[in-house]
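Have a look at the structure below, then the notes.
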Amino acid sequence: MNNIVNIRVSEQIQLDQARIGTLYSQLGETGAQSVVCRAMEELAARMAQCQTLWRADKPQQLRKKARSLIAIADQIGMHRLAQVAGDVTATLDAEDTVAVAATLSRLLRIGERSLSAIWSMEDLSI
């Protein structure tokens with residue numbers, strides 16, 4: 001056990017700019033910015049709650065919280081985040097704790113990077 005390998009997992013983050021553009025054309029700049037900001041706050045809070053629920057061994061509550069991420073992420077064009085939240089619920093349904101741990105870690109990684117990417121967009125008004 002002398003060799004330890006650190007694996008850096010890096011995944012391309014994709015934001016659906018067309019979805020964000022649609023929000024802006026439907027709601028105007030102020031309305032769209034409000035929706036995006038509220039969605040980002042909710043995503044961050046729910047991801048933290050998912051992590052807390054996993055540590056507290058509350059799989060049913062974790063499933064509900066992960067499911068709730070899907071619609072919010074889709075609303076602002078974070079389709080990969082929505083997909084991974086669905087993967088978390090599927091692994092919970094399969095009662096595969098190793099897979100839940102892996103997909104939840106992936107969810108948190110992608111979620112953090114997606115939130116950073118949308119936050120760093122200089123001009124959301126496309």
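Since every read-out is calculated from the coordinates, none of them should be taken as a lab result. Because the structure is predicted, anything quoted here is derived from the model rather than measured. Cβ coordinates were reconstructed from backbone atoms using ideal geometry, including for glycine residues, and neighbour counts include every protein chain displayed.
What 222 nm value per residue comes from the helices of the chain, counting each DSSP H run with n ≥ 4 as -39,500 (n - 2.57) and dividing by all residues, nearest 500 deg cm²/dmol? Present the calculation step by step, with values, prior to reporting the outcome.
Numbers: 4 runs with 95 residues, N = 126.
Computed mean residue ellipticity for the chain: -26500 deg cm²/dmol.
What FRET efficiency would be calculated for the residue pair A90, R19, taking the C-beta separation as r and a Förster radius of 25 Å, to the nearest 0.05? Before the final figure, lay out each step's value.
On the way: r = 24 Å, r/R0 = 0.95.
With R0 = 25 Å, the Cβ-Cβ based efficiency is 0.60.
May I ask for the angle, rounded to the nearest 10°, between helix 17-55 and the longest principal axis of the chain, with both axes built from Cα atoms and the value confined to 0 to 90°?
Helix 17-55 and the main axis of the chain meet at about 20 degrees.
Would you tally the net charge around E11, using a Cβ to Cβ cut-off of less than 9 Å, leaving E11 out, and scoring K and R as +1, D and E as -1?
Working: positive: R80, R106, R109, R113; negative: none.
The answer is +4.
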